[in-house]
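Each value in this text was obtained by applying a stated rule to the coordinates, not by laboratory testing. Just so it is clear, the model here is predicted, and its values are computed rather than measured. Every residue, glycine among them, receives a Cβ derived from its backbone with ideal geometry; neighbour counts consider all protein chains shown.
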Amino acid sequence: MKRLRFGICGLGFAGSVLMAPSMKQHPNAEIVAACDPNADIRAAFGNDYAVPTYDSLVDMLDHSDLDAVYIASPHQYHCEQVVLAASRGKHIIVEKPLTLNATDAQRMVEAAERHKVYVVVGTSRSHDPIVKTMRDVISSGEVGRLAMINAWNYTDYLYRPRRPEELDTSKGGGILFSQLPHQLDVIKTIANATIVSVRAGSGILDPQRPTEGHCAAFVTLSNGVFATVAYSGYDHFDSDELQFWIAESGREKRPNHGSARKLLEGLAPGEEAAFKTERLGYGGPVARSYAATQSERKQPHFGIFIATCERGDLRPCPDGVLIYGDDGPRTVPANVGRGAYGQGDTIDELYDAVTGIRPALRDAAFGRNTVLACLAILESSQTAREIAVLT
């Protein structure tokens, strides 16, 4: 198989701005169709990419010759869409989180097994080349046994434009389901293990945005490695200050604390969702900026990750991974895959699974473990107890 023929389900920021350009340039992928309920976005995307577009996944599956589907719809639709695509024999990339509850996560694992399709959960930041590089260095034995990981990130997440459900924890809103999966997936990927227990605290500091915006957790993994996780999304301190002022996307940024909050000033509750589509959607100013600066990117990241091993500490840097050993720091260049950072590595993972090169690491079972860990973090923060993560 030379290329996987993809249909994109959901033309929001993830689907149209991040994944589609990467998929277009990837040597083993081809976009042949797309679907989205927004007619204007469908028309613009279909014209630019010269592919047919549909208003639903059902119509796209009925009328397109696909090998795989990339599902980038809101969290609450993932389960039904994954089960549907699997029942049609399509391989799947589904955005993180896999879903929002344990029952649906198990349904998705069973659907993939029953219909013999491959599922890759992405594109969390665990697909970034720097994470692959950290994993490879540790797996090589060069720095000895991995003991612990420290992960923390301070961003403006809560004040980026939101749809109403993105501020409702019961519907997957807030940082617990949208941001912590990045950190948890990176930890699991570096450690090559699953999460078995958590002890956490989280909270809400802004009653106008009534969902969790900060969290700290102690995470234990199946191989005895442990990790600390901290996340805050209140648009105050920006941890990119400690990342050489390189943004999550790998682009250079200027300090601009509080700017996300200012963009929302004067917007009525009903106007914020439309503002999000206008600003972050296909053809909007953020999409144009991303396209214009694509060639200038450094390595993308998700805040601070420090892996402590027997003979050194590892952390990401703009060009790869810094290893702090007995003789001081040195840089290992990032192990970049066949496509664009992050999204390209996600495509690599599905393609390699489908063609038998290697099994998928971030499969449906991997995604289920992350969902269960997020639910355990929420339960732990509510009960002040350590919570075991079910297998």
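Under the combined filter of DSSP loop state and at most 12 neighbouring Cβ atoms within 10 Å, segment 1-92 retains these trypsin sites (Lys or Arg not before Pro): Lys2.
Dipole orientation for segment 260-301: of the candidates Gly270, Pro300, Ala287, Pro300 has the Cα lying most toward the positive pole (charges on Cβ; Lys, Arg +1; Asp, Glu -1).
Taking the square roots of 5 times each eigenvalue of the Cα gyration tensor of segment 345-391, largest first, gives ellipsoid semi-axes of 32, 9, 5 Å. If you bin all the Cα-Cα distances of segment 287-348 at 5 Å, starting from zero, the percentages per bin are 4, 15, 19, 23, 17, 10, 7, 3, 1.
Computed from the Kirkwood radius of its Cα pairs, the Stokes-Einstein diffusion coefficient for segment 228-351 at 37 °C and 0.692 mPa s stands at 191 µm²/s.
On the principal axes of its alpha-carbon atoms, segment 135-227 has extents of 48, 23, 19 Å, going from largest to smallest.
Using 29 Å as the Cα-Cα cut-off, could you pick out the over-long pairs in Lys2/Lys253; Lys2/Lys171; Lys2/Lys188; Lys24/Lys96?
Details: Lys2/Lys253 38 Å; Lys2/Lys171 39 Å; Lys2/Lys188 31 Å; Lys24/Lys96 21 Å.
Among Lys2/Lys253; Lys2/Lys171; Lys2/Lys188; Lys24/Lys96, the Cα-Cα distance tops 29 Å for Lys2/Lys253; Lys2/Lys171; Lys2/Lys188.
Size estimate for segment 323-363 follows the Kirkwood approach: the inverse of mean 1/r over distinct Cα pairs works out to 12.1 Å. No solvent, one uniform scatterer per C-alpha: report log10 I(q)/I(0) for segment 161-211 via the Debye equation at q = 0.19, 0.21 1/Å, two decimals. At q = 0.19, 0.21 Å⁻¹ the computed log10 ratios are -0.73, -0.83. Computed from the Cα positions only, the extents of segment 1-94 along the three principal axes stand at 33, 29, 23 Å, in decreasing order.
Provide the net charge surrounding Ala112, with neighbours chosen by a C-beta distance below 12 Å and charges set as Lys +1, Arg +1, Asp -1, Glu -1. After counting each charged neighbour, the total is +2. Working note: Cα gyration tensor of segment 99-159, eigenvalues times five, square-rooted, sorted largest first, giving semi-axes of 29, 21, 12 Å. Per-residue ellipticity at 222 nm computed for the chain from its helices equals -10000 deg cm²/dmol, with DSSP H segments shorter than 4 residues left out and the rest contributing -39,500 (n - 2.57). When only Cα pairs below 8 angstrom with a gap of at least 6 residues are kept, the chain shows a relative contact order of 22 percent.
Run through every distinct alpha carbon pair of segment 68-118 and return the Kirkwood hydrodynamic radius in angstroms, one decimal place.
Details: mean 1/r = 0.0955 Å⁻¹.
Radius from the Kirkwood sum: 10.5 Å.
For segment 212-286, the spread of Cα positions along the three principal axes, ordered from largest to smallest, is 48, 29, 25 Å. Placing unit charges on the Cβ atoms only, positive for Lys and Arg and negative for Asp and Glu, gives the chain a dipole magnitude near 420 debye about its Cα centre. Considering only the Cα atoms of the chain, their convex hull presents on average a projected area of 18.1 nm².
Starting from the coordinates of the alpha-carbon atoms of segment 12-157, obtain the Kirkwood hydrodynamic radius over all distinct pairs and give the value in Å to one decimal.
On the way: mean 1/r = 0.0581 Å⁻¹.
In segment 12-157 this quantity evaluates to 17.2 Å.
Applying a DSSP loop filter and a limit of 16 other Cβ atoms within 10 Å to the GluC sites (Glu not before Pro) in segment 121-216 leaves Glu142. If you run the Gaussian network model on the chain, springs between alpha carbon atoms under 10 Å, then out of Ala193, Ala364, Ala112 the most flexible one is Ala193. Debye sum, Cα scatterers, segment 281-391, no solvent: what log₁₀ I/I(0) at q = 0.12, 0.19, 0.21 1/Å? Reported log10 I(q)/I(0), two decimals: -0.76, -1.15, -1.13.
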